[in-house]
1. Scanning the stretch 169-184 for residues that are at pLDDT below 95 and out of contact with any strand residue (DSSP E or B) (no Cβ under 7 Å at 6 or more places or on another chain), which turns out nearest to residue 104 (Cα to Cα)?
2. Take the conditions touching a strand residue (DSSP E or B) at 6+ places or on another chain (Cβ under 9 Å), without any contact (Cβ under 8 Å) to a residue 40 or more places away in the chain and within 22 Å of residue 96 (Cβ to Cβ) and apply them to residue 45. Does it pass?
3. Scan the stretch 17-45 residue by residue and report those that are more than 27 Å from residue 141 (Cα to Cα) and under 14 Å from the mean Cα position of the chain (by Cα).
4. Identify the single condition in (1) assigned to a helix (DSSP H, G or I); (2) farther than 29 Å from residue 55 by Cα that residue 150 does not satisfy, given that it satisfies every other one.
5. Give all pairs with beta carbons closer than 7 Å in which a residue from the stretch 149-163 that is on the phi > 0 side of the Ramachandran plot and buried (at least 20 other Cβ atoms within 10 Å of the Cβ) meets a residue that is modelled with pLDDT of 90 or more and not in a loop (DSSP other than H, G, I, E, B); count only pairs at least 6 apart in sequence or on separate chains.
6. Among the residues of the stretch 24-49, which ones are farther than 21 Å from residue 115 by Cα and surrounded by 23 or more Cβ atoms within 10 Å (Cβ to Cβ)?
7. State whether one or more residues within the stretch 155-164 are over 15 Å from the mean Cα position of the chain (by Cα) and in a loop (DSSP other than H, G, I, E, B).
8. Check every one of the strands (runs of 3 or more DSSP E) wholly within the stretch 65-140 and list those with 1 or more residues that are crowded, with 22+ Cβ neighbours inside 10 Å and touching a residue at least 60 places away in the same chain (Cβ under 8 Å).
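The values are calculated or read from the model by the stated rules, or taken from the named source; none is laboratory data. Here the structure is a predicted model, which is why all the values come from computation and not from measurement. No Cβ is skipped: glycine too gets one built from the backbone with ideal geometry, and neighbour counts run over all protein chains shown.
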């Protein structure tokens with residue numbers, strides 16, 4: 001079994017939130033720091049973080065340890081460009097067999113969910129967290145799928161088109177008992193939000 005890398009997408013401007021979500025402080029830590037910690041504690045190595053709208057601020061303010069930061073100059077076109085940038089970097093710089101994708105604005109995703117969805121992950125894996133009747137994050141993409149995902153990732157859809165086309169190949173791993181995949185869209189979504 002090969003290693004599974006972590007890929008944290010944290011490049012957006014957070015227009016509806018009012019600031020880049022990577023820099024939102026919640027429970028004493030930045031969301032980007034929490035996402036990296038979740039990836040590490042879930043057993044992912046290495047951990048790559050795609051930055052964009054607030055790249056300089058993330059570099060200056062966030063304590064991300066040995067996480068590798070990847071710049072996405074096309075961040076304004078949507079999450080798809082960040083997914084492409086991250087997968088391209090992982091493909092050229094690592095020997096990871098799979099990547100678990102985490103979104104910076106889903107702080108309810110836990111290390112337990114990451115560990116559960118990545119069990120046995122390999123080059124041909126397609127797996128997603130399951131929440132009642134929904135599929136969500138973490139999303140695990142085996143290396144054999146990276147090129148296809150990158151080719152179809154556009155706008156804010158991320159891997160959605162590729163996953164829809166390969167729906168019968170996806171393993172859905174129940175995570176609702178150990179995680180919450182709700183995303184923070186506006187400050188009102190999280191009453192513990194503190195402005196940095």
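1. Residue satisfying both the conditions and the ranking: 184.
2. Details: touching a strand residue (DSSP E or B) at 6+ places or on another chain (Cβ under 9 Å): yes; without any contact (Cβ under 8 Å) to a residue 40 or more places away in the chain: no; within 22 Å of residue 96 (Cβ to Cβ): yes.
In short, no.
3. If the condition is that a residue be more than 27 Å from residue 141 (Cα to Cα) and under 14 Å from the mean Cα position of the chain (by Cα), then no residue fits.
4. Of everything listed in (1) assigned to a helix (DSSP H, G or I); (2) farther than 29 Å from residue 55 by Cα, residue 150 misses just condition (2).
5. 158/79; 158/80; 158/83
6. Initially, the stretch 24-49 is screened for residues farther than 21 Å from residue 115 by Cα, giving 24-30.
Across the stretch 24-49, the qualifying residues are 24, 30.
7. Of the stretch 155-164, the ones over 15 Å from the mean Cα position of the chain (by Cα) are 155, 161-164.
Retained after the next criterion (residues that are in a loop (DSSP other than H, G, I, E, B)): 155.
Checked against the condition, which is being over 15 Å from the mean Cα position of the chain (by Cα) and in a loop (DSSP other than H, G, I, E, B), the stretch 155-164 yields at least one hit.
8. Details: elements: 68-71, 98-103, 126-131.
So the answer is 98-103.
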